[in-house]
Amino acid sequence: MKKLIILFLVTSLFSLQQNAIGQDSITIQDLEQFSHTFSIEADGFHGEGGKILSKAIANAHITMLGEDIGSKLEHHFANALINELDQNNYKKMVLETGGGSGQLINKMARNAELTSQKVKALNQKYLLEKKGSTFVPILELRNLEAIQSIENANNRGWSFLYVGVEPWTSYKMLADNLYDNLLPNNKQTYQDLYQETTAFLDQQYEAIEAHNSDEVFKLMSQLKSAKCFNDFLDKMTICEGNRETVTAIQQSIEYWGMYGNKQFYEKNVWSAKQDKRKLAEDLKKENFDLKKDKLFVKMYRNHLSKSMTGSGAFGLGNMLYELADYHEKECLSIGVVRRFYNDGEAVKDLSQATDGFNKKFKELVQLGKKEEWILIDLRPFVKEFYFGNYIITDGLYRMFTRYDMLVIPKLDSKATANY
């Protein structure tokens, strides 16, 4: 019996080896057939890549753009994408801002204050400087180019929905906004509590030294145990319009508490569930009908994977992809990843990256060019490579199972700070 088992294992190993030998490695020439150049002009996308992109947008009811926020040209692409989406009857945009900040953005939009100048003043009022790093209250509005794309959508009459977790840097801004929303008699009643709370927040912001798990853990511990702060949040719910912001702050403290406690997997799964629940509730309130309505979602690239994210969660991208499929509509997931970018006087090339985060993009990033935008159409990859006789690396597999397209900007640079 033992000899039979050994013979079976040897035969199986030989068979697997023969199959591997019969498979081809995927070369850059194999990938190039799905790589297309395009340009961004005042009137839209041009070139072969532009045609493919425009056609895909016209066919989709949900378009998702996965960004990295720090790139200047990814925001330039987002702005052009909004123009194209607007021509295809898109009028709703989901931002990754958190509930309180999202409400504030909508308030600014209604009051014609969603401009780069007004946002700059807001950032300057609440920014924090910690060990050479500058933190603003709303990360989505940190850079000038990002604000311009949101302003563009607002000027076209779009409405904004919002998901995501409030950064810990937003609490002072949100406390002010909660108090501002009160009626005059309630402001008088809670003035002392408000002043005590803002003084407490100033003290805590002064004490935190950097954005890392240990420092954030200390901050969350102080917030959770502070009577004035928690009493303030409770009293602010006297105004019905404040309740969503209060909930957003409480959820943010829970999230950053897990981050501070190094429960990284738990926070990722928890936040993915919160995003899905929040958007589902908001779409219901908006009477969103996927048969006729269209939705644009702009978030951090990892959250819009159409399968499991790199953080080990099935996130918002997966939910929307399945939702569109259920309603027999198309969903388009676009990821932006750069190759060449200016870093001071030097030009960096991410195809030479050795860190784990960027290594998984290397095979496709090598198709990027300094002088031209590149669109990689990943949709044919399943048929061509997964069911073809090819050896598929883990990095390449992750790309085509997570996104429909990758956009690689030409020579890029850091986005312009707006503070």
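Go through region 362-383 and give me each residue that's touching a strand residue (DSSP E or B) at 6+ places or on another chain (Cβ under 8 Å), farther than 18 Å from Glu330 by Cβ and of a type outside the set (Val, Ile, Thr).
Residues satisfying the conditions are Leu364, Leu367, Gly368, Lys369, Lys370, Glu372, Trp373.
With (1) open to solvent by less than 50 Å² (accessible area, probe 1.4 Å); (2) in a loop (DSSP other than H, G, I, E, B); (3) closer than 23 Å to Ala78 by Cα; (4) not polar (S, T, N, Q) as the list, and Gly317 as the residue in question, which single condition is left unmet?
Unmet for Gly317, out of (1) open to solvent by less than 50 Å² (accessible area, probe 1.4 Å); (2) in a loop (DSSP other than H, G, I, E, B); (3) closer than 23 Å to Ala78 by Cα; (4) not polar (S, T, N, Q): (2).
Hey, can you tell me all the residues within region 118-137 that are polar (S, T, N, Q) and either at pLDDT 95 or above or surrounded by 20 or more Cβ atoms within 10 Å (Cβ to Cβ) (or both)?
Within region 118-137, Asn123, Gln124 qualify.
What residue, of Ser221, Ser271, Ser252, is surrounded by fewer than 17 Cβ atoms within 10 Å (Cβ to Cβ) and in a helix (DSSP H, G or I)?
None of the other options fit; the residue is Ser221.
Any idea how many residues of region 274-308 are of a type in the set (A, V, I, L, M), within 17 Å of the chain's Cα centre (by Cα) and not in a strand (DSSP E or B)?
2
Please work out if Ala199 is small (Gly, Ala, Ser) and either open to solvent by 60 Å² or more (accessible area, probe 1.4 Å) or not in a helix (DSSP H, G or I) (or both).
It is false that Ala199 is small (Gly, Ala, Ser) and either open to solvent by 60 Å² or more (accessible area, probe 1.4 Å) or not in a helix (DSSP H, G or I) (or both).
Among the residues of region 45-71, which ones are touching a helix residue (DSSP H, G or I) at 6+ places or on another chain (Cβ under 7 Å), at pLDDT 95 or above and over 20 Å from Ala324 (Cα atoms)?
Of everything in region 45-71, just one residue is touching a helix residue (DSSP H, G or I) at 6+ places or on another chain (Cβ under 7 Å), at pLDDT 95 or above and over 20 Å from Ala324 (Cα atoms), namely Phe45.
Can you list residue pairs whose Cβ atoms sit under 6 Å apart, with the first residue in region 363-385 being closer than 21 Å to Ile57 by Cβ and the second being modelled with pLDDT under 90 and open to solvent by 70 Å² or more (accessible area, probe 1.4 Å)? Count only pairs 6 or more apart in sequence or on different chains.
So the pair list comes out empty.
Any residue that is touching a His at 6+ places or on another chain (Cβ under 7 Å), at pLDDT 95 or above and not hydrophobic (A, V, I, L, M, F, W, C) - is there at least one of those in region 379-395?
Looking for residues that are touching a His at 6+ places or on another chain (Cβ under 7 Å), at pLDDT 95 or above and not hydrophobic (A, V, I, L, M, F, W, C), one finds none in region 379-395, hence no.
The values are calculated or read from the model by the stated rules, or taken from the named source; none is laboratory data. Treat the numbers as computed from the prediction; the structure is a model and nothing was measured. Positions of Cβ are generated from backbone atoms using ideal geometry, with glycine treated the same way; all protein chains shown enter the neighbour counts. Keep in mind that these areas ignore ligands, DNA and RNA; they rest on the heavy atoms of the full protein, side chains included. Shrake-Rupley method; radii C 1.70, N 1.55, O 1.52, S 1.80 Å.
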